[in-house]
Amino acid sequence: MNAPATAASAVDPAPLVALVRRLRAGASGWTAEAAARFDAWLDDLERDPQARESLIGQFVAIIVGTRHVGFFADLGVAAPEGFGIELRQRLLHKVLPVDHDPEMLDDWARVLFRRPAVAAWALSIPDSRWHRLGALLRVRSLRAPARLQLGNELFEATKILSARIAAIGVDPLVARVYPDAQRSASPFLEQQAAVRLQVDAWAAVWADRGARPAEDDRPIRVLLDQCRAVIWRIRRQTGRTGVTVALTYKLHRLDDIIDRLELLLDLSDHTQAPAARGAAWLRLLRRQIRACGDETSLRAFWREGTELAALEITEHAGRTGDHYIATDRSQWWSMLGSAMIGGAVIGVMAILKILIGGLHAPLLIEGLMVSLNYGLGFVLIHLLRGTVATKQPAMTAARIAAEITEAQAPGAAGRAWLPRVVDLLVQVVRSQVVAVAGNIGVALPVAALVTWGSLVLLGVAPAAPQKAATLLGQLDPLGPTLFYAAIAGVCLFLSGVVSGYCDNLAVFHRLPRRVARMPLLVRIAGAPRAAAIGAYVEHNFGALAGNFLFGCMLGGVTLLGVATGLPLDIRHVAFSAANLGVVATLPLPQLAWSALLVGAVGVLLIALVNLMVSFTLSLMLALRARRLRLDGIGALWSAFAARLLASPLEVLRPPPRQPQPAVRPGVAD
């Protein structure tokens with residue numbers, strides 16, 4: 001161990017850093033000037049044997065004097081610590097830079113390419129220049145010490161990666177959702193034995209170039225493909241088994257390790273042509289340069305981490321989204337009836353909110369009462385099997401993303417998937433239109449009826465004239481109304497996130513069965529009722545949590561705006577329609593029909609903003625979760641717009657009746 005340390009420390013990284021700085025000269029891409037500098041340097045190396053031998057000596061000294069396992073097995077692979085710990089480490093490294101070890105090859109790479117601009121420049125260098133540089137350094141004919149050191153480290157890294165695949169494959173978290181992973185016939189375990197035998201055979205060939213080449217690695221590749229199939233199966237089953245960020249991260253790391261192991265197999269396989277192995281080395285070099293540039297990037301790591309969380313959330317939101325899409329005429333009428341129930345409750349909730357404001361309670365107490373009014377009201381709507389129209393986009397967006405993902409699966413023929421997804425979009429828009437109509441069409445007259453009844457029976461209006469003027473002013477689309485409607489759309493999106501997250505946790509932690517077996521609950525309600533409660537929790541836990549939190553968010557945003565003086569408030573279409581019904585019923589002599597017309601326009605625009613913001617955010621989250629290929633999304637929206645222009649009434653009226661199958665005479669039903 002002492003010899004490598006001495007050799008490594010004898011090579012000062014400063015000259016190589018200076019060389020890279022000189023060649024780059026501030027460029028972040030392969031510009032004509034950067035190409036000229038790089039080509040001139042290569043020409044100088046060809047003309048000056050002494051400079052070339054000096055560079056080769058540095059290159060060999062680095063290889064002989066460093067350990068490479070971290071370079072091959074760790075750099076560019078998801079860290080084992082998990083998302084949270086890795087994020088904290090990156091934040092710490094922004095303040096306290098990492099102390100690089102000159103005995104580690106991966107740290108040499110970090111010293112050279114840790115800056116994103118330098119990494120971007122190196123990645124822009126064409127393959128032809130890298131091949132020319134490799135030929136000048138005589139990479140394919142390294143002297144024995146360097147070649148043996150490189151081979152030994154490569155094979156050790158290959159065995160380590162194989163062992164990590166086996167360890168993650170039998171991890172209890174993975175076995176929880178795929179019990180067969182811990183069986184002896186599991187591909188995660190079988191590949192380790194196959195890799196060890198293959199690597200030992202390759203090591204003998206690497207040490208003695210005259211030895212008989214080992215057989216190819218096709219059995220290992222088959223086992224690794226089986227490992228990937230298991231990972232795919234686990235991800236497909238998340239709707240039934242649930243998933244956590246920890247499990248998703250483990251699967252992501254497992255994918256990374258399998259990819260890296262396959263690349264190291266490409267580097268080691270002596271049955272491949274030299275050109276193929278050279279291309280594999282270049283792929284590894286590019287990946288490691290990119291990894292060095294991204295290693296300190298919080299943006300890249302955060303983007304990757306949010307994809308993991310998004311997958312956990314959207315799987316169950318997509319499953320729930322099917323209930324918010326009316327695919328036939330009976331479901332359309334059922335959606336309308338459900339939305340009318342929601343509108344009736346919201347009409348009463350709007351009156352209660354006005355009355356709460358009239359109490360002039362302390363700010364915190366009023367905010368708490370308003371939040372409970374919203375939250376408990378939305379929970380009541382769910383219990384009555386009602387629908388809040390603006391809740392639909394957060395649920396249906398994941399369903400659309402799932403359909404696009406399936407339609408764009410490998411092997412799908414061109415754009416043949418477009419009509420199917422456009423049909424789904426039409427169904428979604430039609431369902432949301434009827435739900436909004438049901439909410440508005442009942443919330444407004446219910447609020448008006450309650451106001452009229454209060455005037456006739458009690459002689460008191462729920463809202464004083466000044467409050468009525470304020471309510472009407474809140475519907476003016478020329479003011480901050482649409483901005484506040486966008487804030488409500490964000491709250492709707494977040495409530496959908498909470499619903500998906502809670503549904504997922506309920507499934508993963510087997511909450512229904514655990515609730516059904518609670519000793520106290522079984523003792524009080526009996527085993528059958530406890531089982532029924534557990535089943536209810538399974539299908540409604542996420543919806544109840546999301547609805548209640550949505551109400552709390554609506555009340556909390558208004559409270560925060562009043563307490564801080566910031567322009568924060570919410571405008572929800574159903575409550576705005578109810579407020580318009582209250583104002584229209586009050587005997588206000590100064591009230592003009594034009595003002596009510598402006599208010600009606602404001603209600604429609606609030607509905608549009610609520611739905612668009614919620615749907616856009618939810619769809620972005622769902623697409624990110626699935627790492628969807630975005631090619632074709634523009635064509636999808638164009639096809640959908642063309643469909644609406646050709647038949648705009650299609651989203652306003654019930655779906656056409658499905659033709660009944662003909663029964664042939666003489667054939668019994």
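Considering Val515, Val498, which residue is surrounded by 18 or more Cβ atoms within 10 Å (Cβ to Cβ), closer than 30 Å to Ala530 by Cα and touching a residue at least 24 places away in the same chain (Cβ under 8 Å)?
Values: Val515 fails: touching a residue at least 24 places away in the same chain (Cβ under 8 Å).
Exactly one of Val515, Val498 is surrounded by 18 or more Cβ atoms within 10 Å (Cβ to Cβ), closer than 30 Å to Ala530 by Cα and touching a residue at least 24 places away in the same chain (Cβ under 8 Å), namely Val498.
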### Task
Considering only residues that are in contact (Cβ under 8 Å) with a residue 12 or more places away in the chain and not in a helix (DSSP H, G or I), look in the range 257-286 and name the one that is surrounded by the fewest Cβ atoms within 10 Å (Cβ to Cβ).
Thr271
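Here is a yes/no grid of residues against (1) outside the structural domain of Val497 (by TED's automatic domain parsing); (2) over 34 Å from the mean Cα position of the chain (by Cα); (3) surrounded by 15 or more Cβ atoms within 10 Å (Cβ to Cβ):
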site: Leu521; (1), (2), (3): no, yes, yes
site: Ile524; (1), (2), (3): no, yes, no
site: Ala527; (1), (2), (3): no, yes, no
site: Glu538; (1), (2), (3): no, no, yes
site: Ala543; (1), (2), (3): no, no, yes
site: Leu554; (1), (2), (3): no, no, yes
site: Thr558; (1), (2), (3): no, no, yes
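How many residues are within 43 Å of the chain's Cα centre (by Cα) and either buried (at least 16 other Cβ atoms within 10 Å of the Cβ) or not assigned by TED's automatic domain parsing to the domain that holds Leu482 (or both) when one looks only at the range 560-595?
Applying the first criterion (within 43 Å of the chain's Cα centre (by Cα)) to the range 560-595 yields 560-582.
Within this subset, residues satisfying the condition of being either buried (at least 16 other Cβ atoms within 10 Å of the Cβ) or not assigned by TED's automatic domain parsing to the domain that holds Leu482 (or both) are 561, 568-582.
Going through the range 560-595 one residue at a time, the tally reaches 16.
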### Query
Inside the range 415-473, can you point out the residues that are touching a helix residue (DSSP H, G or I) at 6+ places or on another chain (Cβ under 7 Å), surrounded by fewer than 17 Cβ atoms within 10 Å (Cβ to Cβ) and among the charged types (D, E, K, R)?
Arg415, Arg420
#### Entry: the range 382-403, subset surrounded by fewer than 24 Cβ atoms within 10 Å (Cβ to Cβ) and at pLDDT 80 or above, residue farthest from Ile533 (Cα to Cα)
Gly386
### Summary
Exactly one of Ile168, Ile160, Ile125 is modelled with pLDDT of 85 or more and either under 27 Å from the mean Cα position of the chain (by Cα) or not assigned by TED's automatic domain parsing to the domain that holds Leu42 (or both), and that one is Ile168
### Message
Cβ-Cβ under 8 Å, sequence separation 6+ or interchain: first residue in the range 332-351 and in the same structural domain as Thr387 (by TED's automatic domain parsing) and part of a helix (DSSP H, G or I), partner of a type in the set (D, E, K, R) and surrounded by fewer than 24 Cβ atoms within 10 Å (Cβ to Cβ). Which pairs?
### Response
Trp332/Arg430; Ser338/Arg385; Ile341/Arg385
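Can you name the residue in the range 287-308 that is at pLDDT 75 or above and assigned to a helix (DSSP H, G or I) and, of all such residues, is surrounded by the fewest Cβ atoms within 10 Å (Cβ to Cβ)?
We begin by selecting, within the range 287-308, every residue at pLDDT 75 or above; these are 287-295.
With the extra rule that they be assigned to a helix (DSSP H, G or I), the set shrinks to 287-294.
Details: Arg287: 17, Gln288: 20, Ile289: 22, Arg290: 18, Ala291: 19, Cys292: 25, Gly293: 22, Asp294: 15.
Ranking the candidates gives Asp294 first.
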### Query
Is it the case that the range 638-650 has a residue that's at pLDDT 90 or above and in a helix (DSSP H, G or I)?
no
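Looking at the range 1-44 only, could you name the residues that are part of a loop (DSSP other than H, G, I, E, B) and either at pLDDT 85 or above or of a type in the set (D, E, K, R) (or both)? Steps first, answer last, please.
Looking only at the range 1-44, we keep the residues that are part of a loop (DSSP other than H, G, I, E, B), and these are 1, 11-12, 25-31.
Asp12, the sole residue that qualifies.
Residues that are out of contact with any helix residue (DSSP H, G or I) (no Cβ under 7 Å at 6 or more places or on another chain) and over 29 Å from Ala246 (Cα atoms): does the range 156-169 have at least one? Outline the logic, then answer.
Narrowing the range 156-169 to residues out of contact with any helix residue (DSSP H, G or I) (no Cβ under 7 Å at 6 or more places or on another chain): 167.
From what's left, over 29 Å from Ala246 (Cα atoms): none.
Checked against the condition, which is being out of contact with any helix residue (DSSP H, G or I) (no Cβ under 7 Å at 6 or more places or on another chain) and over 29 Å from Ala246 (Cα atoms), the range 156-169 yields no hits at all.
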### Query
Looking at (1) polar (S, T, N, Q); (2) more than 23 Å from Val609 (Cβ to Cβ); (3) under 39 Å from the mean Cα position of the chain (by Cα), can you tell me which one Thr451 breaks?
(3)
### Query
Is there a residue in the range 539-550 that is at pLDDT 85 or above, out of contact with any Lys or Arg (no Cβ under 8 Å at 6 or more places or on another chain) and under 17 Å from Ala486 (Cα atoms)?
no
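The values are calculated or read from the model by the stated rules, or taken from the named source; none is laboratory data. Computed from a prediction, not measured in an experiment: that's the story for all the values here. For neighbour counting, all protein chains shown are included, and Cβ atoms are generated from backbone atoms with ideal geometry for every residue, glycine included.
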